[in-house]
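Report on one structure; see the data block that follows.
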Amino acid sequence: MKVVGQKSVASTIKMLLTGSWYVGVFLLGVLVIASIYIGLFTEDSVPDVIESNLVVQSMGLEIEFSSEIVEPITKLTFMFTILSIAPLLVLIVLIIYQLRKIFETLVNENPFVEDNAKRLKNIGIFVILTSIVQTILQSYVGKNLVQAIRSPHVQIRTMIEFDMVVIFLGVIFIVLAEVFKIGAKMKEEQDLTV
Amino acid sequence: MRIKVKLDEMLVKKGISLTELSEEVGITIANLSILKNNKAKAIRFTTLEAICEALDCQPGDLLEHINN
């Protein structure tokens, strides 16, 4: 089974990444446009205040709060909550784009180029940012949750917890970028050795 | 400090074209061009030997050290 080159594992993954990138960009567009449309432009078709049960999923648990104890959310709050996911989606789409470019070089069997070192470094930075953004988002959603639940029997506290494993992964990518930089230099030396 | 490759001068002196030299030494024109245009980072002894034989010259005829 060929790992790099044409018709290889790398070319299949590149195809999947290309598809994911287009899907990601499309979803991001739909998310932003739909949430702004619902929040600002649907005067009659969507009620200003939405009453519903609140479902929270975390760590393999699904907790549902009845609409009787949940504050109805306004359209604007709904819009901002959905829009707050956008930065995370942007980072994920950027990571996929960088990976796609790297796999392109693997299909061409020429991975040790300076550009790949830059891409790996970018991936590392984006992965670290993803962890930070996700933590901020969770804190924001948690804060809204605390305000939305109007029951004296339910206590919800927000915590700021950074996913150190993801941050560590980001740092590993940055180190790997330096390895590729050295590899690119060595390849250049080899190419220019007559 | 740099090493200048005087391949151009030697080709003119011996009346040989780059293409002919490429065929004789078995090195591609692309690689010889890298050498000729002083873009090479290193040269193998086998390459130097092959060029010197083809041009009937010494390594010193091909390479010149220039102080900046």
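Throughout, read-outs are computed from the coordinates displayed, never taken from laboratory work. None of the values given here were measured: they were computed from a predicted structure. Methodologically, a virtual Cβ is constructed for each residue, glycine included, from the backbone with ideal geometry; neighbour enumeration extends over all protein chains shown.
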Along the charge dipole of segment A:69-168, which of A:A86, A:F168, A:L76 sits closest to the positive end, that is, farthest toward it, with unit charges on the beta carbon of Lys, Arg, Asp and Glu (+1, +1, -1, -1)?
A:L76
Using the Kyte-Doolittle scale, which helices in chain A average at least 1.0 and also have C-alpha atoms spread 30 Å or more along the helix axis, with helices defined as whole DSSP H runs?
A:9-40, A:86-107, A:164-191
Can you tell which of B:N67, B:F45, B:L35 lies farthest toward the positive end of the dipole of chain B, using +1 and -1 charges on the Cβ of basic and acidic side chains (Lys, Arg; Asp, Glu)?
B:N67
Using +1 on the beta carbon of Lys and Arg, -1 on that of Asp and Glu, and nothing else charged, what's the dipole of chain B about the Cα centre, debye to 20?
440 debye
Simple label model, 7 Å out from Cα along Cβ direction - B:E49 to A:F41, nm:
7.6 nm
Dimensionless Rg over Rh [segment A:107-194; C-alpha; Kirkwood]
1.34
By how many nm would the segment from A:V166 to A:V141 lengthen if fully extended, with 0.36 nm per residue of separation less the alpha-carbon distance?
7.0 nm
Taking the Cα centre of the protein assembly as shown as origin, work out the dipole magnitude from +1 charges on Lys and Arg Cβ and -1 charges on Asp and Glu Cβ, in debye rounded to 20.
440 debye
For the pair A:L16 and A:R157, how long in nm is the line joining their label points, each one 7 Å along Cα→Cβ?
4.1 nm
So how do A:V171, A:V25 line up by other beta-carbon neighbours within 10 Å, fewest first?
A:V171, A:V25
Find how many whole Å separate the alpha carbon centroid of segment A:92-129 from the alpha carbon centroid of segment B:23-59.
36 Å
Within the P(r) computed for chain A, what percentage of the Cα pairs occupies the region above 21 Å?
66 percent
